[in-house]
Amino acid sequence: MSQPDLLHRLSSLDTNTVSDALDFLSLTGATYGLLPLWNCPKIVGRASTVKVGPKTETTPAMHLITPVIEATTTDDRILVIAGGTDGISCWGDILANASKQKHIRGTVIDGMSRDIDGSRDVGYPVYGRGVTMISARNRVVQYDAGVPVLVRGVMVNQDDYVIADNCGTVFIPAQRIEDVLDLAERIDHHQSSMLEAVRSGRAVTEVMHDTQFEAIQEERPTSIDTTGRLENPRKASEEDKELVALFANSDTSGVSDAMDKLGILGQVFGIVPLADYKKTYVGPAFTVRYVPASDPPGSVGDFIDDVAEGDFVVIDNGGRTDCTVWGDIMTQYAGLRNIAGSVIDGVCRDVKRSIDDGYPLFTAGRWMRTGKDRVQVAGVNETIGIGKVRVNPRDIVVADANGVVVVPRHRAREVAEAAQKIEESEEQIRTMIADGATIAEARKQLGYHNLQRKE
């Protein structure tokens, strides 16, 4: 099959599906931590490898990477740069403009970029560890090009295939590309039918049963019944509704201050929103604890049918970032069942589905590699620890664009009352400032510096 045909097939997939195919074939290729450095599109192409490293000699060196860009003669290339140093750039806007002129499809850096606005302005995709302002000049030099390079634990060869999107970056050995594509396309087709089953109301525990995944490997067709009800039979209790309503007009900042004032620990550390949510989400915690998979491995998602309307799924995966415990099927099903959102001490995948559907996800990050056969559910509705916070079943979760706060259920009323008073005082300060008062005057009059202090 021609290279354009192979690239076209790869471009119709995403990193999640390709990662799953690599797993089935026992191949490495999925990397963690190489994400889009601006809101750039997915890129698919063939690797032109570059190895960089610290400068150790005093003589001037040719500007790194420029020879590789100049030598590019085809329009299917993605620059794969290995050996970067945290805090030091090995990419910038001049390189982006030069690469754009040579019709290079994008750059993946196991390192940092600077001048990222320049790459964005010309529409040049850059994936990497992060951004910095510190120049590579006299700090980083090019060691070699067109040679095997180690990228986040994956050996990447010249001409290997690359796919990168919002979930991360995956490399595919060139000699196995057709095997990977064949299997990934079967996985994609199968998961599409699973999504249709979930949309129609079929229980996710049946849709995501192990036999459905085994069918992919065995290349045998399966029939997934798409009949069923969409309505969640598990309803919120009256007390749950009452406690949730107490926080209807609050945000996590106010609730956090109230908890400080009352001496309650509840601010979840290291868990961030998937998107810049415009509202606050509140719900009772439905807790789930994951552990490393046994032999044979257990289930990864059978708990979801027991989650009631309005509940917040809170998952303790021990902060693991090497495999996910939440994807698009779970997102679709949770949305259909009116679940409030999910908080995960770990990573999620299929983020486009969550963002497009507006389903609230709060996690330690995103990655495409499945948790199947790596982790399993060990317990539900038991006390767990997440982001340095103890979470009991039915505690009240408050989450927004600032993060996540967990309020002990038995103290929810006093926390809500304290939060309301703090937020009212801050609103009065804002009004006084708008009317011409100085910030010092307004804060002094309203006792701003004592609002969150313990009494």
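The values are calculated or read from the model by the stated rules, or taken from the named source; none is laboratory data. These figures come from a predicted structure and were not determined experimentally. We work out accessible area using only protein heavy atoms, side chains counted, and drop any ligands, DNA or RNA first. Shrake-Rupley method; radii C 1.70, N 1.55, O 1.52, S 1.80 Å.
Brief remarks on what is shown
- For the chain, the solvent-accessible area works out to 45 Å² per residue, with a probe of 1.4 Å and every protein chain left in place.
- Residue-by-residue Karplus 3J(HN,Hα) for segment 179-194, coefficients 6.51, -1.76, 1.60, Hz, glycine and proline x: 4, 5, 5, 4, 6, 4, 5, 5, 4, 4, 4, 5, 5, 4, 5, 5
- Entries in K279/K352; K241/K421; K278/K372; K100/K278; K42/K100; K55/K100 that, when Cα-Cα distance is taken, lie over 24 Å: K278/K372; K100/K278; K55/K100
- Listed by chain and number, the aspartates and glutamates whose C-alpha is less than 12 Å from the C-alpha of K388, apart from same-chain residues fewer than 8 away, are D316, D345.
- The heavy atoms of K352 present about 130 square angstrom of accessible area, all protein chains included, probe 1.4 Å.
- Cα centroid separation, segment 284-355 to segment 101-175: 31 Å.
- What separates the Cα centres of segment 229-267 and segment 376-436 is a distance of 7 Å.
- Helical content alone sets the calculated 222 nm signal of the chain at -9500 deg cm²/dmol, taking -39,500 (n - 2.57) per DSSP H segment of four or more residues and averaging over every residue.
- V162 - accessible surface, heavy atoms, 1.4 Å probe, Å² rounded to 10: 0
- Nearest-10 value in Å² for the accessible area of L7, using the 1.4 Å probe: 10
- The chain: relative contact order as a whole-number percent, Cα under 8 Å and 6+ apart: 16
- Sorted largest first by accessible area at a 1.4 angstrom probe radius, with every protein chain in place, the residues M368, M432 fall in the order M432, M368.
- Surface share of carbon and sulfur [accessible, 1.4 angstrom probe, percent] for the chain: 49
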